[in-house]
Amino acid sequence: MVADDSDKIKTELPYASPVQPVELGLDDEIQFNCHKGVACFNACCKNIDIQITPYDILRLKRRLGLKSSEFVARYTTPFAMDFHNMPGLKLNTKPGTSECVFLKEEGCGVYEDRPAACRYYALGSMGVRKKDSAAVEDIFFVVKEDHCLGHQEPRTLTVRQYRSEQGCDEYDEHNRAWRDVILKKRSSGPTVGAPSERSLQLFDMCSYDVDSFREFIQTQGFNEVFDIDEATKKTLIDDEDQLLEFALRFLKQVLFGEQSIPVKPDARDKRLARRKSKPGPQGDDGDDGPDAAADSP
Ligand code: SF4
Ligand code: SF4
């Protein structure tokens, strides 16, 4: 699978090329089928350029029995998503090849938990915010690569049916808040300035390291700032899907001041008192993560 057809699509999830220049809705039909009997079986997995999403990591780390940081270190390569170096990850290939690290002779080695981009393949998707509208709308395109014979298979189905068959809905649901963050960051443009180093670190953790985020919400610093009851915290600790959803809400609060997590009224005073009681340069206690969210409008 190859991406990078246009700058706009390059930063969307998932993305691919070459994109047919016809915008499709959920009820439009496509002609496509992919099965083990096609002559090109596995061809698309031999030339990949796949951006990894937060929910991809959740599914794959669980399948492989790894911590999120272990999965990222073993199976992904970092790249800069934009001119502000927003951190992105691409799925690794086998050494010296363009072949997916999970490809086996018999097909995908992680099929039930394959990334969103693999599920979408044959379709490209873009979230667009139309002029004068706050809502993000999904539009779709057919992606036709020469090696893919699936487009010649005698089967038609709607975009909606294809997405359902491939399990795209579940992935989109879990990744939607993340896509919103990326879209919002990009649409704000360079005038708002580069995110701080700490914001980039929080983006990285909330997006790609759910295990570290689980530890983070149990730190004194976090709990001094945020008003989360014990039952909710236990749910978050035990349920990774909900933890990811919470991490992305936290990210929106930190980056854009979208307040959805209650902040304790005395949070700022307590933090300042704790900083003052510590040695070292004033205002630097080495644990300033939640401050941005507490201070945000
Ligand atoms: S994860 Fe599976 S489907 Fe996706 S590129 Fe790799 S082998 Fe192919
Ligand atoms: S039909 Fe297309 S998607 Fe299916 S294996 Fe062949 S190249 Fe890959």
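Throughout, read-outs are computed from the coordinates displayed, never taken from laboratory work. Just so we're clear, the structure is a prediction, and the values are computed from it rather than from any experiment.
Counting pairs of Cα atoms in the stretch 137-272, how many percent are more than 17 Å apart?
69 percent
Give the whole-number value, in cubic angstrom per residue, of the convex hull volume spanned by the C-alpha atoms of the stretch 114-177.
101 Å³
Taking residue 276 as the anchor, which aspartates and glutamates have their alpha carbon closer than 19 Å to its alpha carbon, excluding any fewer than eight residues away along the same chain?
In chain and number order, the partners are 224, 266, 284, 285, 287, 288, 291, 295.
Amide H to amide H, which residues 5 or more places from residue 153 or on other chains are under 5 Å from it, using H placed in the peptide plane?
Distant-sequence amide H within range of residue 153: 33.
If amide hydrogens are placed 1.01 Å from N in the peptide plane, which non-local residues have theirs closer than 5 Å to the one on residue 142?
20, 22, 124
Per-residue HN-Hα couplings for the stretch 243-253, Karplus 6.51 cos²θ - 1.76 cosθ + 1.60 at θ = phi - 60°, whole Hz, x for Gly and Pro?
5, 5, 4, 5, 4, 6, 5, 4, 4, 4, 5
Can you work out the Karplus-derived ³J(HN,Hα) for every residue in the stretch 222-227? Use 6.51 cos²θ - 1.76 cosθ + 1.60 with θ = phi - 60°, whole Hz, and x for glycine or proline.
Once θ is set to phi - 60°, the couplings for the stretch 222-227 become 5, 6, 6, 9, 9, 9 Hz.
If amide H atoms are built 1.01 Å from N in the plane of the peptide, which residues on other chains or at least 5 residues away come under 5 Å of the amide H of residue 76?
92
If you wrap the stretch 143-222's Cα atoms in a convex hull and average its projection over all directions, what's the area in nm²?
9.0 nm²
Mean shadow of the stretch 7-187, computed from the convex hull of its alpha carbons, in nm²?
Across all orientations, the stretch 7-187 yields a mean hull projection of 11.0 nm².
Work out from phi, with θ = phi - 60° and the Karplus expression 6.51 cos²θ - 1.76 cosθ + 1.60, the ³J(HN,Hα) of each residue of the stretch 97-114, listed in order in whole Hz, and give x for Gly and Pro.
9, 9, 8, 4, 4, 9, 6, 10, 3, 7, x, 5, x, 10, 3, 5, 10, 5
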